[in-house]
Amino acid sequence: MASESATGLQLRSLIKGGGELEISLQIVPTPEPADDEVVVRVEASPINPSDLGLLTGPADLSTAKASGSKQMPVITAKVPQTAMKAMAARLDQSLPVGNEGAGVVVKTGSSEAAKALMGRTVSMIGGAMYSQYRTVKASDCLALPAGTTAAEGASWFVNPLTALGMTETMRREGHKALVHTAAASNLGQMLNKICIKDGIALVNIVRKPEQAEILRKIGAKYVVDSSSPAFMDDLTNALAETGATIAFDAIGGGKLASQILTCMEVAINRDAKVYSRYGSSVHKQVYIYGSLDPGPLELTRAFGMIWGVGGWLLTPFLMKISAADRQRLRERVASELKTTFASHYTKVVSLAEVLDPSNLAVYARRATGEKFLIDPHKAG
Ligand SMILES: NC(=O)c1ccc[n+]([C@@H]2O[C@H](COP(=O)([O-])OP(=O)(O)OC[C@H]3O[C@@H](n4cnc5c(N)ncnc54)[C@H](OP(=O)(O)O)[C@@H]3O)[C@@H](O)[C@H]2O)c1
């Protein structure tokens, strides 16, 4: 008799050459585990902005239409013609979604490392987590401490390691304090807890007073609101006080990166004894690590000549650091999963409910405190 894990539901995202997004569910076979692999019954996987990049891509969700049945729903939406060129590499391929998740190991390969995980609740990375079962390498799993649920361990990789990667990058590149944007995000709250614990000054940039309130409640000292008329002055004062010369910007498009560099330069020059027409000699860096605003980045160069704007991505960062450092970061996440790295979800949904237009309208907004968790085995 075939085991229960032999097949399972999987969520797929497809962009057709004709300019249509289609999100659907399929029943797929679960690959047999190789020696160094395990089969995990996925019980929890978050919907993060990076997942939305694949799940809905650049589709115009105001055109979304639901069809199919209650058990096997389908969502379609139009992809604007202007975005189709950038989609060339994924056209007409039905792609599984979901970067990270957690669940229980129900079958293993023959290696000792794989067998040691049998029956354990593990967090894992490797894509296609919006599935009922996943076959993954044992080395891509993190066995969770006793008493930790799959829901508590689901967001163990993307946001925690990115937040830790920011403080690591700060130190490695010789900066002493940090700036972070969209700072009331799930990741931003983790970063505040890390910085408070590690004694790092952090300048948080938010866009609404209630977001400033969320951060102050968890102990943030420097919070500036980009919607305030005093924003540039407030930011400059916070930069002068902290000495922050590196920023991580999740927004990307618009003027914010430029404003940060400008305020850094003004803050640095406050103490300058002599004038230089080339600006200060202090390196100022903005790393763009998200695309919350997909529009063009506008730089008005009022910050001298010693600066950099670049992209920052977790996986290449992890590849660049040593195996020992990777292990150190993973162990910190495991030991602080219920405190520093705790994620909060507004709703737990089944795979079919991910395709409910009323849910799509909420989680696709990427709004503060509105993160969804998928339980692929939830009924409905
Ligand atoms: N590069 C990497 O390797 C990497 C890894 C992990 C995460 N990330 C990025 O980290 C960011 C945060 O992820 P998360 O899971 O923590 O997000 P989240 O909890 O879903 O929060 C998103 C935040 O962004 C704000 N926001 C949305 N659109 C915005 C815009 N156009 N301008 C300013 N603020 C905006 C929201 O505020 P409102 O309520 O005001 O909309 C909310 O506070 C995402 O951009 C994600 O892609 C990157």
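One line per residue, one yes/no per condition, for (1) part of a loop (DSSP other than H, G, I, E, B); (2) under 30 Å from Thr262 (Cα atoms); (3) assigned by TED's automatic domain parsing to the domain that holds Thr245; (4) touching a residue at least 40 places away in the same chain (Cβ under 8 Å):
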residue: Val104; (1), (2), (3), (4): no, no, no, yes
residue: Thr135; (1), (2), (3), (4): no, no, no, yes
residue: Leu142; (1), (2), (3), (4): no, no, no, yes
residue: Ala146; (1), (2), (3), (4): yes, no, no, no
residue: Ala151; (1), (2), (3), (4): no, no, no, yes
residue: Arg171; (1), (2), (3), (4): no, yes, yes, no
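Conditions first: (1) surrounded by 14 or more Cβ atoms within 10 Å (Cβ to Cβ); (2) part of a loop (DSSP other than H, G, I, E, B). Glu32 passes all but one, so which condition is the exception?
The number of the failed condition is (1).
Considering only the range 244-262, state which residues are touching a helix residue (DSSP H, G or I) at 6+ places or on another chain (Cβ under 8 Å) and small (Gly, Ala, Ser).
Ala244, Ala247, Ala250
Kindly indicate the residue of the range 151-178 that is open to solvent by 10 Å² or more (accessible area, probe 1.4 Å) and of a type in the set (Gly, Ala, Ser) and also nearest to Asp198 (Cα to Cα) among those meeting that condition.
Only one residue fits best here, namely Gly174.
Return the only residue of Ser358, Ser343 being closer than 30 Å to Pro73 by Cα and under 16 Å from the mean Cα position of the chain (by Cα).
Of Ser358, Ser343, the one residue that is closer than 30 Å to Pro73 by Cα and under 16 Å from the mean Cα position of the chain (by Cα) is Ser343.
For the list (1) open to solvent by less than 60 Å² (accessible area, probe 1.4 Å); (2) more than 18 Å from Ser343 (Cβ to Cβ); (3) at pLDDT 95 or above, I need the number of the one condition that Gly126 fails.
(3)
Table: residues versus (1) under 15 Å from Ala114 (Cβ atoms); (2) more than 24 Å from the chain's Cα centre (by Cα).
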site	(1), (2)
Ala6	no, yes
Lys16	no, yes
Ile23	no, no
Val28	no, yes
Pro31	yes, yes
Glu37	yes, yes
Val40	yes, no
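Of all residues being modelled with pLDDT of 95 or more and open to solvent by 10 Å² or more (accessible area, probe 1.4 Å) in the range 344-356, which is farthest from the ligand (Cβ to nearest atom)? Just the residue, please.
We begin by selecting, within the range 344-356, every residue modelled with pLDDT of 95 or more; these are 345-356.
From what's left, open to solvent by 10 Å² or more (accessible area, probe 1.4 Å): 345-348, 352-353, 356.
Numbers: Tyr345: 10, Thr346: 11, Lys347: 13, Val348: 16, Ala352: 22, Glu353: 18, Asp356: 19 Å.
My answer is Ala352.
Step by step: first the residues of the range 214-234, then only those that are open to solvent by less than 40 Å² (accessible area, probe 1.4 Å) and within 23 Å of Leu164 (Cα to Cα), then the one that is nearest to the chain's Cα centre (by Cα). Which residue is that?
Leu215
Go through the range 201-213 residue by residue and tally those that are over 20 Å from the mean Cα position of the chain (by Cα) and open to solvent by 20 Å² or more (accessible area, probe 1.4 Å).
Just the residues of the range 201-213 that are over 20 Å from the mean Cα position of the chain (by Cα), to begin with: 201, 208-210, 212-213.
When the remaining residues are screened for being open to solvent by 20 Å² or more (accessible area, probe 1.4 Å), the result is 201, 208-210, 213.
Matching residues across the range 201-213 total 5.
Does the range 307-329 contain any residue that is buried (at least 18 other Cβ atoms within 10 Å of the Cβ), modelled with pLDDT under 95 and away from the ligand (no atom under 15 Å from the Cβ)?
Scanning the range 307-329 turns up no residue that is buried (at least 18 other Cβ atoms within 10 Å of the Cβ), modelled with pLDDT under 95 and away from the ligand (no atom under 15 Å from the Cβ).
Please pick out the residue among Ala44, Ala116 that is assigned by TED's automatic domain parsing to the domain that holds Ala364, touching a residue at least 60 places away in the same chain (Cβ under 8 Å) and over 26 Å from Pro294 (Cα atoms).
Checking each option against the conditions leaves just Ala44.
The values are calculated or read from the model by the stated rules, or taken from the named source; none is laboratory data. Only a predicted model underlies this, so the values are computations on that prediction, with no experimental measurement involved. Methodologically, a virtual Cβ is constructed for each residue, glycine included, from the backbone with ideal geometry; neighbour enumeration extends over all protein chains shown. What goes into the accessible areas is simple: the full protein's heavy atoms, side chains included, and nothing from ligands, DNA or RNA. Shrake-Rupley method; radii C 1.70, N 1.55, O 1.52, S 1.80 Å.
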